[in-house]
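The values are calculated or read from the model by the stated rules, or taken from the named source; none is laboratory data. Remember, predicted model here, so these are calculated numbers, not experimental data. Don't worry about glycine lacking a Cβ; one is built from the backbone with ideal geometry, like all the others, and counts go over all protein chains shown. Just so you know, the surface numbers come from the protein's heavy atoms only, side chains and all, with ligands and any DNA or RNA stripped out. Shrake-Rupley method; radii C 1.70, N 1.55, O 1.52, S 1.80 Å.
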Amino acid sequence: MTASIRTRDLRKVYDSPAPFAAGIAGYSPMGTPGPKGKAKKSEVIALDGLSLDIEPGVIFGLLGPNGAGKSTTVGILTTRVRPTSGDAQVCGIDVWKEQVRAKRLIGVVQQRPNLDFSLTAREILSFHAAYFGIGSAERAKHAAELLERFQLSSRADELVRGFSGGMMQRLSIARAMMHNPQVLFLDEPSTGLDPQTRLLLWEIIREYNKSGKTVLLTTHNMEEADALCSRIAIVDHGKTIALGSPTELKQSIPGGYLIRARFSGASETLAAKLRQLPGVSEVNADGGGIDIYASRGGPLVGAVVEAASGAGLDLLDVHISEPSLENLFLHHTGRSLRQ
Amino acid sequence: MNWKAFLAMLSRDAHVARRNFVPMVMQTMLQPMLFTFVFGRVLVSGGMMTQSYQDLLIPGVMAITMLMTGVMGVAMPLIAEFQFSREIEDRLLAPMAIEWLAVEKILGGMIQALAAGAVVAPAAWLVLGRGTAVSFSNVAQFACIAILVAMMSSAGGLLLGCSVGQTQIGLLFSMVLAPMIMFGCAYYPWSALAAFPVVQKLVLINPLVYASEGLRGTMTPHVPHMDLALVIGVLAVMNIALIALGLNRFVKKAVG
Ligand SMILES: Nc1ncnc2c1ncn2[C@@H]1O[C@H](COP(=O)(O)OP(=O)(O)OP(=O)(O)O)[C@@H](O)[C@H]1O
Ligand SMILES: [Mg+2]
């Protein structure tokens, strides 16, 4: 079976600030502000050889810190960002060779809201479907269904410029589903949603996926990735650094438990000592803070305290977390998502 | 080519334009109508202008109105749609090559420009007291010029709309459109510039000159005007250049 989404060695180098951001900040009518030499320096490597294979009918999660290249990946797969090099395919169709065919297969929710402010919610859905050649009776029916599903019926005939952020987000997702795309791209779909609406969204995404559709979503929320996705890729600096099902990924963390401890000082001998403790698989020291990956949590703390006093240091703070994607993320990127 | 998507986008623009109809009409029609009244009626009846000046005004006012409607009708929505809100995104994702969206914008602007011309010409004729002689004897020639003028206006709107940001709209008016109108031979024939040979040569880069002279030549042939074959040729070349540049800018602006 052909993969639903396939990328090979995708690279994207942005060589100037975003064109519309420049239009606002700068005052030059023809694009890049400032002298040409300066513009060259602001080269950003957003993707650095990203390869993905996503099977049909899965909910795939793309996780990564800010600036990792998630939106750029989605942009390339949805004809909105031209790759510097590499291949991108959706359902076997090369996105950059057959744009129109590819666009027929996809539905997209971009990270920045981009609703048509001149229209009402119902008109937005209806016109969207019209662009895809859907007849007016079917359009009206499907729009009404989706408005109901996303709890927007009572505001359906208002202009969307008066909508709250969460309402706009819901409408954007409804719009992307209007033409029943084979592959749905959701770039941070749950930002700005209250907890209850987030649960509603999860339910809707699962439902959509049950009808055999592929969903690619990006998120910073580990709970969301864990709850929704059957496969996950963690990206950082434009590369995939881990790939698998949530369970596989959690098991791949050395030890599983993470003990983050802070001491009254830094000591290499302490770190070395901790590495010797039974059950400890990895120790990362950074000044007074030490991360210990181990196969047990609480029972190890006594031994840690002992080791610290042996090195002449006091334990100031300790935090134990169970195996989770959060720890996995920290392990791979050195950064916590919550920071 | 996906006609269904194309027509749906055209009807979206029509729908939005209908909603903004009154302010839109005020914006493009009020100025030329006031001008027609002051110069064609007040100054003429006061003896400060000769009666024959009235004959000049109708084609000139029509050219200005069509130009402004086409440029504003395409550029202003485009600038807004490309701004932070990126409203245009949904149409860029429609199953149609994105160049056609730019073509749709040009066609929509042409329809608006032609409609504005069709309203402003009789309105000016009424304001002028119905006395002026306007001829539509050569319908094919008139239609050809009017369509070329409409196309040039909206293609110009596409190019400007893709080259200018929201913060520069004021500059667009004062630095581009105002001089174009003043040196557009709309309120005087091009031959009247003979006393200023340098200016007379310089204004030849101004598309509005050909619009005014062309409409003048076909509607009021007795007033001095440029050779119409030449006007049609220049308008056609300018159209091709503006459309090519506009499409190019549009695609650059649309894809990251
Ligand atoms: N239009 C653009 N012009 C220039 N640089 C860009 C543009 N879009 C993104 N970048 C840069 O590319 C890199 C990757 O950005 P991208 O938006 O793909 O990250 P992301 O993973 O989606 O991040 P976030 O979680 O913040 O949404 C960043 O360094 C960003 O500054
Ligand atoms: Mg992003």
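Running a GNM on chain B with Cα contacts under 10 Å, which residue among B:90, B:13, B:55 ends up with the highest mean-square fluctuation?
B:90
What total accessible area, in Å², is buried where chains A and B meet, using a 1.4 Å probe and rounding to the nearest 100? Provide the component values of the computation, followed by the final result.
Numbers: alone 16950 and 12310 Å², together 25980 Å².
Using a 1.4 Å probe on protein heavy atoms, the buried area is about 3300 Å².
For segment B:3-255, what is the charge dipole size about the Cα centre, in debye to the nearest 20, if Lys and Arg each add +1 at the Cβ and Asp and Glu each add -1 at the Cβ? Let's see the in-between values first.
Numbers: 14 positive and 10 negative charges, 43 e Å.
Using only the charged Cβ atoms, the result is roughly 200 debye.
I need two numbers for chain A: Rg to one decimal and Dmax as a whole number, Cα atoms only, in Å.
23.7, 78
As a test of the definition: which semi-axes, in Å, follow for chain B when you take the square root of five times each eigenvalue of its alpha carbon gyration tensor? Largest first, please. Provide the component values of the computation, followed by the final result.
Values: eigenvalues 217, 69, 59 Å².
Values for chain B, descending: 33, 19, 17 Å.
Got a sec? What order do B:249, B:19 fall in by accessible area at 1.4 Å, biggest, i.e. largest, first?
Details: B:249 70, B:19 110 Å².
Listed by decreasing accessible area, they come as B:19, B:249.
As I understand it, the dipole of chain A uses +1 on the Cβ of Lys and Arg and -1 on the Cβ of Asp and Glu, about the Cα centre. Which of A:259, A:205, A:44 lies farthest toward its positive end?
A:44
Under a cut-off of 20 Å between alpha-carbon atoms, report the aspartates and glutamates in cross-link reach of residue B:105, not counting same-chain residues fewer than 8 places apart.
A:116, A:123, B:13, B:81, B:87, B:89, B:90
Placing +1 on the Cβ of each Lys and Arg and -1 on the Cβ of each Asp and Glu in segment A:54-204, which of A:111, A:191, A:166 has its Cα farthest towards the positive end of the resulting dipole?
Value: A:111.
Order of B:61-70, A:134-143, B:135-144 by packing, highest average Cβ count within 10 Å first? Display every interim value, and only then the final one.
Numbers: B:61-70: 28.5, A:134-143: 14.6, B:135-144: 12.6.
The packing order, highest mean first, is B:61-70, A:134-143, B:135-144.
Most mobile of A:216, A:184, A:274 per a Gaussian network model of chain A (Cα springs, under 10 Å)?
Among A:216, A:184, A:274, the largest GNM mean-square fluctuation belongs to A:274.
I'd like the residues of segment B:90-127 whose 1.4 Å-probe accessible area shrinks by no less than 50 Å² going from the isolated chain to the full set of protein chains.
Residues losing area: B:90, B:93, B:95.
Which whole-number value in Å² is the accessible area per residue of segment B:3-255, probe 1.4 Å?
In whole numbers, segment B:3-255 has 41 Å² accessible per residue.
Is there a simple number for the mean count of other chain Cβ atoms within 10 Å of the Cβ of residues in A:104-116, and what is it? Don't jump to the answer; show the numbers that get you there.
Values: counts 4, 1, 2, 1, 4, 0, 4, 0, 4, 5, 10, 5, 9.
Other-chain Cβ atoms within 10 Å of each residue's Cβ, averaged: 4.
Quick one: pull the percent of accessible area on the protein assembly as shown belonging to carbon and sulfur, 1.4 Å probe, ligands and nucleic acids left out. Mind showing how you got there, number by number?
On the way: 15730 of 25980 Å².
Ligands and nucleic acids excluded, carbon and sulfur give 61 percent.
In deg cm²/dmol and to the nearest 500, what is the mean residue ellipticity at 222 nm of chain B if only DSSP H runs of at least 4 residues count, each as -39500 (n - 2.57), divided by the residue total?
Working: 10 runs with 172 residues, N = 256.
Using -39500 (n - 2.57) per qualifying helix, the result is -22500 deg cm²/dmol.
Accessible surface of residue A:318 in the full protein assembly, 1.4 angstrom probe, to the nearest 10 Å²?
Per-residue accessible area (residue A:318): approximately 60 Å².
Under a 1.4 angstrom probe, counting protein chains only, how are B:53, A:257, A:131 ranked by accessible area, largest first?
On the way: B:53 30, A:257 70, A:131 5 Å².
Sorted descending by solvent-accessible area, the residues read A:257, B:53, A:131.
Which value at 222 nm does chain A reach when only helices count, each DSSP H run of 4 or more adding -39,500 (n - 2.57), with the total divided by all residues and rounded to the nearest 500 deg cm²/dmol? Before the final figure, lay out the partial values.
Working: 13 runs with 124 residues, N = 339.
Taken over chain A, the calculation gives -10500 deg cm²/dmol.
If you build a Gaussian network model of chain B, linking Cα atoms that sit under 10 Å apart, which residue out of B:33, B:175, B:219 swings the most?
Residue with maximal mean-square fluctuation among B:33, B:175, B:219: B:175.
Quick check on segment A:160-235: take the gyration tensor over C-alpha atoms, sort the square-rooted eigenvalues as a ≥ b ≥ c, and tell me if it's rounded (a/c under 1.5), prolate or oblate. Show your work: numbers first, answer last.
Numbers: a/c = 1.79, a/b = 1.22, b/c = 1.46.
Oblate, since a/c reaches 1.5 and b/c is not below a/b.
Protein chains only, probe 1.4 Å: how do A:282, B:89, A:268 rank by accessible area, largest first?
Values: A:282 55, B:89 10, A:268 125 Å².
Reading off the accessible areas and sorting them downward yields A:268, A:282, B:89.
Taking the Cα centre of segment A:90-130 as origin, sum charge times position over the Cβ atoms of Lys and Arg (+1) and Asp and Glu (-1), and report the length of that vector in debye to the nearest 20.
Numbers: 6 positive and 4 negative charges, 16 e Å.
Computed charge dipole of segment A:90-130: roughly 80 debye.
Nearest 20 debye, what's the magnitude of the dipole of segment B:121-256 about its Cα centre given +1 on Lys and Arg Cβ and -1 on Asp and Glu Cβ?
Working: 6 positive and 2 negative charges, 57 e Å.
With Lys and Arg at +1 and Asp and Glu at -1, about 280 debye.
Averaged over its residues, how many other protein chain Cβ atoms are within 10 Å of peptide A:77-87's Cβ atoms?
Values: counts 0, 3, 5, 7, 2, 2, 0, 0, 0, 0, 0.
So the per-residue partner count for this stretch is 2.
Across the residues of A:130-140, average count of Cβ atoms on other protein chains within 10 Å? Show your work: numbers first, answer last.
Numbers: counts 8, 15, 8, 9, 2, 1, 0, 0, 0, 0, 0.
Averaged over the peptide's residues, the number is 4.
Pairs of Cα atoms under 8 Å, at least six residues apart: use those to get the relative contact order of chain A, whole percent. Write down the numbers at each step before the final one.
Details: 645 pairs, mean separation 60.2, N = 339.
The normalised contact order for chain A reaches 18 percent.
For chain B, what's the relative contact order in percent, using C-alpha pairs closer than 8 Å and at least 6 residues apart? Show your work: numbers first, answer last.
On the way: 335 pairs, mean separation 68.1, N = 256.
Here the relative contact order equals 27 percent.
Given contacts defined as C-alpha pairs under 8 Å and at least six residues apart, what's the relative contact order of segment A:258-333, whole-number percent? Provide the component values of the computation, followed by the final result.
On the way: 115 pairs, mean separation 31.1, N = 76.
Once divided by the residue count of segment A:258-333, the mean separation gives 41 percent.
What FRET efficiency comes out for residue A:275 versus residue A:154 if R0 is 60 angstrom and r is the Cβ-Cβ distance? Round to the nearest 0.05.
Details: r = 61 Å, r/R0 = 1.01.
With a Förster radius of 60 Å, E is 0.50.
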